[in-house]
Structures are given as C-alpha cells and as structure tokens.
Amino acid sequence: MMALRFSIFIFTISLCFIFDFQAISAQRDDEDVTIKTMEEFSGYPIHEPIYPNSLSSLSVNSDSLQKQIDELATFSDSPAPSVTRILYSEKDVLARRYIKNLMELSGLSVREDAVGNIFGRWNGYEPELAPVLTGSHIDAIPYSGKYDGVVGVLGAIEAINVLKRSGFKPKRSLEVIMFTSEEPTRFGISCLGSRLLAGSVQLAELLKKTVDGQNISFSEAAKFAGYGNAKGDLSEVFLKKGSYSAFVELHIEQGPILEKEGTSIGVVTAIAAPASIKVTFEGNGGHAGAALMPERNDAGLAAAELALAVEKHVLESGSIDTVGTVGILKLHPGAINSIPSMAHLEIDTRDIDESRRNLVIEKIHQSALAIAKKRKVILSEFEIVNQDPPALSDESITKATELACQELNLTHKRMISRAYHDSLFMARISPMDMIFIPCYKGYSHKPEEFSSVGDIANGVKVLALTLAKLSLS
Ligand code: GLV
Ligand code: MN
Ligand code: MN
C-alpha cells in the first residue's frame, strides 16, 4: 500500500515537472525567433529541456567535489588536518584563484568587487530579471576545519554543474558568490564583504582607518591581494536592495542536532544576533617577586575576573540560546615574572533574542567598570565592535527549500542558526534562506570538522532544486 502511494506521489511530481517543462518550453519557443526559424526550416519542433527533466537527472559529482574540498584545504597556513586561511594572505590569494578557475570551468562569467567578493554568473534567458544568488565564504579561522563556508561555495558551483548537466535553463540568472572575510580574524570585523554589500556606510568609513595586529592597514592588505580602489571609497561595493530576487546559503550545521536526529537537511528560519566587544585594562605592572600583593593592580586578574563575569551574566539569562565566549585574552608584557600591566579581551556574545543579548552586554559593561574600580586598574577600552540584530529567513524561500526536500525525499526540519553567516547581512537587501547539512558531532572551528560526501551531496541537490525553482519564479 505504502509502495503504491509512493509510486503515485513520484508519478504526480513527474507529471508536474513535465507540465511545468512543457509550459515553459512552449512559452520560450514562442518567444525565441531562432528556434522558430529552425523549426520552420527543419519542419519539426525543437525542444530544449528547461526544467531538470527528472529528479534522477540531478546527479552530484561527489568525487570531484570532495577532491576540490581537499585541494582547497591545502591552501592553509597551518598543518593538515587543520586549516588556517586569513584574509588577503598569500594562501587566501591562491585559494581565490582556485575558486575563480572553478567558476570559469563551470562556464560562469566572473567579476570581483573592490574588497574581493567574487561573483560568477550563469545568464538566464530573461537576464533583465533580478538574479538568484547563492554562496558562502572560504576564509578559515586559525586551526579550523575544511568544511565551514567551503561547502557553500564549492557546493554552489557544483549545484550549477548539476543543473547544467540536467539540461536546466535558468529564467532568472543564477549567480555564485564567494564572500570576503566572513570570519573576523584579521581585522576584527565579521562578515566584512556581506556587510558592505548590504550597504554599511559605517563599515566603509571604519575601514579607512582599520589596521590589523601587525599595523597593516586594510587598504594595504587589500592592495596586496589585488583589490581596493584608487579613491579608497568602498561605497562602490554597496548593492541596491532588490539587486537579487533571492539569496540562499548552503552550510554545515556547526551544531549536533541534525546528526543526532538523523535528519538530512535543516531549513533555517532565523539567525541569532551576534555581538563582539573589545576590552582593555591597564595597571602598573612590576616585578613578580618583589611587588607585594597588597600593592598590586594586576590587569591580568581584572581580565580573568571579567571572563568569569561574562559566563555568569550569560547563565543568568536562563536561556540555552544565550551564549558568551572570551576567545581572545592577551597579557602584556607576557613574561612569567612580570605582573601584567595590560590585558586585552575580546568577547563574543549571541542570542536569538536581541534584547536579552543586549542586557548581557550591559551587565558585562557594569562588571568591567566595577572590576576596574575594585582592582584599581584603568578600563581604557570598552568597545562594542558590532551589535547586530537577528535575521529572519523569507517564508517563500524556505517553502521552496522544503518543497525541494520533499521532492528529493529527504528528511528535513526547520531550525535556527546559532552561528552567524553572511546570510545575516544579505537578509537586509534580499529575501534569504539557509540550507544546513549534518556535521560530525556538530564540530566546527576545529580540525575535526567533518561532513560526509553523502550529506554534502544531499545539500547540493536541495540547493540545486531550490535555485531552479527560484530561477523560474
Ligand atoms: C561564524 O564563523 C561564527 O562565528 O558564527
Ligand atoms: Mn566560521
Ligand atoms: Mn561559515
């Protein structure tokens, strides 16, 4: 009985495709003078397949995709299996070349903007319509893995190959993007490329005076990688709202839920609100043996106390969705026998509820002031680097993705993203949606990060079918 129902289901879907295909085919043939002339000349109708002919024609070349993931991982500044690929470094430049080459091999026309966001376009047969965009990032934080972001870039190029092989012809153009610096590693700014695309005037201004840990300016670093513009005016990167009809990002979940539940695909409905804060305490320092304990104002201890306060305030929220991390803690001068005269912390805190996240930030600030007073150190910096609101996916795109999962017979569930992504900013200028695939134990931002070829292929198929639907919409 079940088997019969399933066969009827597949048959109905196939009919939908055939009808869809014939309707679009007829409409296009009517419009295309060349085809009409060829038909008149040859005496029989010429039909080019437009929609993927059948779901089985959506075949992912998993071997070559895995090979690309492995090859890209070799452009790294740390030994395998870890990956370190920092913005505008030599390895980043080589990796960018690798991506552009793959885009060209897939027949995409490639362009780059002033900060190195890379776009590859497959022209649709109605190229004046706003295109559909998909992609992610390939920069990697120190000692991380080879799947974060990469699956969404290489997977997007493969999704285009899948559609091409299936005979699909896009109505709206389809574009793949590789975003510049989703990770905040070099300049302390996350989602740098997508923030600019979304029109952040504040960031364009800030980048004029931003330097990295080696005092290299953003524009110098960009120039090294072959980017930048003569006037230093990054507003040319901004995109107008509506430049794209939809944006879809394929990504590993970076959490354990899909794998634990045995669900193939996560359809993301919202992305948590991230914030990052820089804090510096300054004290007098001194000799670790000779300076007596009551006389000290130890900047390192102030930082340690603040790190514990971050944990306390996060836990006080009472929600599992509130998180906080002190990922950077630097002591100066950094000698075993010297009392730290300066301590610098960088704090990351996030929540799906923006006001609850903001309350945590306020409490951290109050604690920093109180600790400075108690320990007689100076709170010389308390800078909220970013305090972004959460983003919601667009219901019509999530529906298209869910439909793609149903048609491909893949289990799926709606979920939120606790990690941030370029989608957070693309949502400001385009309807957005994300597709998650399972990853081993939810590991990410470490070398053990892993997704199986089967899970990646599922994600690519769902992406390809979602893009096909959005292209024809
Ligand atoms: C992205 O890399 C994040 O930290 O969520
Ligand atoms: Mn990441
Ligand atoms: Mn990522």
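Scanning the range 228-259 for residues that are crowded, with 21+ Cβ neighbours inside 10 Å and of a type outside the set (D, E, K, R) turns up 234, 237, 244, 246, 247, 248, 250, 251, 252, 255, 258.
Scanning the range 87-108 for residues that are surrounded by 15 or more Cβ atoms within 10 Å (Cβ to Cβ) and either more than 30 Å from residue 131 (Cα to Cα) or of a type in the set (Asp, Glu) (or both) gives 89, 91, 92.
State whether one or more residues within the range 286-309 are within 16 Å of ligand 1 (Cβ to nearest atom) and touching a helix residue (DSSP H, G or I) at 6+ places or on another chain (Cβ under 6 Å). Scanning the range 286-309, I find no residue that is within 16 Å of ligand 1 (Cβ to nearest atom) and touching a helix residue (DSSP H, G or I) at 6+ places or on another chain (Cβ under 6 Å), so the answer is no. Taken over the range 117-160, the criterion of being among the aliphatic types (A, V, I, L, M) and within 16 Å of ligand 1 (Cβ to nearest atom) is satisfied by 138, 140, 141, 150, 151, 153.
Yes/no matrix, rows are residues, columns are (1) more than 16 Å from ligand 3 (Cβ to nearest atom); (2) among the charged types (D, E, K, R); (3) at pLDDT below 95:
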{"position": "94", "(1), (2), (3)": "yes, no, no"}
{"position": "106", "(1), (2), (3)": "yes, no, no"}
{"position": "117", "(1), (2), (3)": "no, no, no"}
{"position": "131", "(1), (2), (3)": "yes, no, no"}
{"position": "135", "(1), (2), (3)": "no, no, no"}
{"position": "152", "(1), (2), (3)": "no, no, no"}
{"position": "161", "(1), (2), (3)": "yes, no, no"}
{"position": "172", "(1), (2), (3)": "yes, yes, no"}
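You will find that of 407, 381, 395, 362, the residue that is more than 16 Å from ligand 2 (Cβ to nearest atom), out of contact with any Phe, Trp or Tyr (no Cβ under 8 Å at 6 or more places or on another chain), within 30 Å of residue 239 (Cα to Cα) and of a type outside the set (A, V, I, L, M, F, W, C) is 395 and no other. Looking only at residues of the range 109-150 that are of a type in the set (A, V, I, L, M) and in a strand (DSSP E or B), we find that the one that is surrounded by the most Cβ atoms within 10 Å (Cβ to Cβ) is 140. Cβ-Cβ distances below 6 Å connect the following pairs, each with a first residue in the range 138-154 that is in contact (Cβ under 8 Å) with a residue 40 or more places away in the chain, a second residue that is of a type in the set (D, E, K, R) and more than 11 Å from ligand 1 (Cβ to nearest atom), and a separation of six or more residues or different chains: 139/85; 140/85; 145/449; 147/449; 152/249. So, residue 354, is that one in contact with a strand residue (DSSP E or B) (Cβ under 7 Å, 6 or more places away or on another chain), surrounded by fewer than 19 Cβ atoms within 10 Å (Cβ to Cβ) and not assigned by the TED database to the domain that holds residue 257 or not? Against the criterion (in contact with a strand residue (DSSP E or B) (Cβ under 7 Å, 6 or more places away or on another chain), surrounded by fewer than 19 Cβ atoms within 10 Å (Cβ to Cβ) and not assigned by the TED database to the domain that holds residue 257), residue 354 qualifies. Within the range 309-345, track down each residue that is surrounded by 12 or more Cβ atoms within 10 Å (Cβ to Cβ), hydrophobic (A, V, I, L, M, F, W, C) and under 22 Å from residue 380 (Cβ atoms). Scanning the range 309-345 gives 309, 310, 326, 328, 329, 331, 339, 342, 343, 345. Any residue at all in the range 189-197 that is part of a loop (DSSP other than H, G, I, E, B), of a type outside the set (S, T, N, Q) and within 16 Å of ligand 1 (Cβ to nearest atom)? Within the range 189-197, one or more residues are part of a loop (DSSP other than H, G, I, E, B), of a type outside the set (S, T, N, Q) and within 16 Å of ligand 1 (Cβ to nearest atom). Under the condition of being part of a loop (DSSP other than H, G, I, E, B) and of a type outside the set (Asp, Glu), the residues counted in the range 280-336 number 19. For the range 208-222, a residue qualifies if it is over 23 Å from residue 120 (Cα atoms) and in contact (Cβ under 8 Å) with a residue 40 or more places away in the chain, and exactly one does: 221.
For the range 420-473, the candidate set comprises residues that are within 16 Å of ligand 3 (Cβ to nearest atom), aliphatic (A, V, I, L, M) and within 16 Å of residue 243 (Cα to Cα); within that set, the residue that is nearest to the chain's Cα centre (by Cα) is 426.
When you check residue 113 against the structure, is it within 16 Å of ligand 1 (Cβ to nearest atom) and at pLDDT 95 or above, yes or no? Considered against the rule, which asks whether it is within 16 Å of ligand 1 (Cβ to nearest atom) and at pLDDT 95 or above, residue 113 comes out as no. Scan the range 328-343 and tell me whether some residue there is outside the structural domain of residue 142 (by the TED database), more than 23 Å from the chain's Cα centre (by Cα) and among the β-branched types (Val, Ile, Thr). Taking every residue of the range 328-343 in turn, at least one turns out to be outside the structural domain of residue 142 (by the TED database), more than 23 Å from the chain's Cα centre (by Cα) and among the β-branched types (Val, Ile, Thr).
Residue by residue, here is whether (1) within 14 Å of ligand 2 (Cβ to nearest atom); (2) part of a loop (DSSP other than H, G, I, E, B); (3) of a type outside the set (D, E, K, R); (4) not assigned by the TED database to the domain that holds residue 439 holds:
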site	(1), (2), (3), (4)
161	no, no, yes, no
165	no, no, no, no
203	no, no, yes, no
220	no, no, no, no
226	no, yes, yes, no
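The values are calculated or read from the model by the stated rules, or taken from the named source; none is laboratory data. Note that the coordinates shown come from a computational prediction; the quantities given were computed from them, not determined experimentally. Glycine gets a Cβ as well: all are built from the backbone with ideal geometry, and neighbour counts include every protein chain shown.
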